[in-house]
Amino acid sequence: MKSSIKKTSKLTTKDLVNCGIFISLFFVFTMVGGILFGPNPVLTFCLPASVALLTGPVYLLLLAKVPKRGPVTILGIIMGLFTFVTGMYWLWSVFYFVLGFVADRIAGWRSYRNHGLNTLSFILFSMNTLGGYVMLWINPESYFGYLVEKGTPDHYVEAMGAVVQGWILPAMVVSVVVCSLCSAMLGQLMLKRQFSKAGITA
């Protein structure tokens with residue numbers, strides 16, 4: 001019995017294929033959320049909330065389709081590597097790696113079937129985008145220096161630095177929590193009313 005349980009807990013080839021599909025979708029929705037606000041140095045602070053609002057259904061469908069240890073960790077690693085190679089601030093990648101691992105464990109606490117834990121897992125994972133900004137309040141010189149070194153235009157950096165205020169970071173955290181919660185609720189509703197009826201999550 002123990003060997004059977006252990007075997008079924010491992011990711012199969014089919015599981016990895018499903019991971020690839022939903023991670024690709026997550027990537028697409030993340031890019032859409034980023035394109036909406038990222039190019040503007042003032043509106044860029046809305047990017048974390050935008051991404052959180054768009055990615056909830058895909059994240060929860062990933063958990064429903066592959067309810068085993070590992071999918072969110074893989075998601076965090078792949079997205080973290082992408083942000084790093086594309087020149088995003090390095091701490092964003094670190095947030096992806098760490099939060100992917102922790103969020104995976106939270107959802108796995110009840111075998112990826114508990115709505116509350118899955119929602120909490122997504123809310124926590126959605127905080128990854130803050131890694132691309134938080135150093136702005138800790139060490140702005142280092143932050144802007146990194147961006148310039150990676151090719152960010154001077155006018156973008158100057159405009160971003162001109163508008164940043166102390167209240168923006170807490171506002172970003174709150175907006176990510178609210179948007180990720182709304183997105184997770186939408187995702188749960190879609191799973192219940194559409195995906196499960198169609199047999200997608202079976």
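The values are calculated or read from the model by the stated rules, or taken from the named source; none is laboratory data. What you see is a predicted model; the values in this text were computed from it and never measured. Note that we place each Cβ from the backbone using ideal geometry, even for glycine, and neighbour counts take in every protein chain shown.
Write out, first by first residue and then by second, each pair whose Cβ atoms fall under 9 Å of each other, whose residues are 6+ apart or on separate chains, and whose first residue, in the stretch 114-142, is closer than 30 Å to Pro67 by Cβ and crowded, with 18+ Cβ neighbours inside 10 Å while the second is modelled with pLDDT of 95 or more and of a type in the set (Lys, Arg).
These pairs meet every condition: Ser121/Arg105.
Would you be able to tell me the number of residues in the stretch 103-113 that are of a type outside the set (Gly, Ala, Ser), on the phi < 0 side of the Ramachandran plot and touching a residue at least 40 places away in the same chain (Cβ under 8 Å)?
Of the stretch 103-113, the ones of a type outside the set (Gly, Ala, Ser) are 104-106, 109-110, 112-113.
If we keep only those that are on the phi < 0 side of the Ramachandran plot too, we end up with 104-106, 109-110, 113.
Going one step further and asking which of them are touching a residue at least 40 places away in the same chain (Cβ under 8 Å), we end up with 113.
The qualifying residues number 1.
Assuming Lys14 fulfils every condition listed in (1) exposed (fewer than 14 other Cβ atoms within 10 Å of the Cβ); (2) among the charged types (D, E, K, R); (3) touching a residue at least 12 places away in the same chain (Cβ under 8 Å) apart from one, which condition is it?
Result: Lys14 fails condition (3) only.
Is it true that Val32 is farther than 20 Å from Ala184 by Cα, of a type outside the set (D, E, K, R), free of Cβ contacts under 8 Å to residues at least 24 places away in the same chain and surrounded by fewer than 18 Cβ atoms within 10 Å (Cβ to Cβ)? Spell out the reasoning first.
Values: farther than 20 Å from Ala184 by Cα: no; of a type outside the set (D, E, K, R): yes; free of Cβ contacts under 8 Å to residues at least 24 places away in the same chain: yes; surrounded by fewer than 18 Cβ atoms within 10 Å (Cβ to Cβ): yes.
Taking the combined requirement at face value, the residue does not satisfy it.
Filter the stretch 33-47 down to the residues that are touching a Leu at 6+ places or on another chain (Cβ under 6 Å) and part of a helix (DSSP H, G or I) and list them by number.
Listed by number, the residues that qualify are Gly33, Gly34, Phe37.
Taking the conditions exactly as written (surrounded by fewer than 22 Cβ atoms within 10 Å (Cβ to Cβ), closer than 28 Å to Leu181 by Cα and under 19 Å from the mean Cα position of the chain (by Cα)), does Tyr89 satisfy them or not?
Spelling it out, it is not the case that Tyr89 is surrounded by fewer than 22 Cβ atoms within 10 Å (Cβ to Cβ), closer than 28 Å to Leu181 by Cα and under 19 Å from the mean Cα position of the chain (by Cα).
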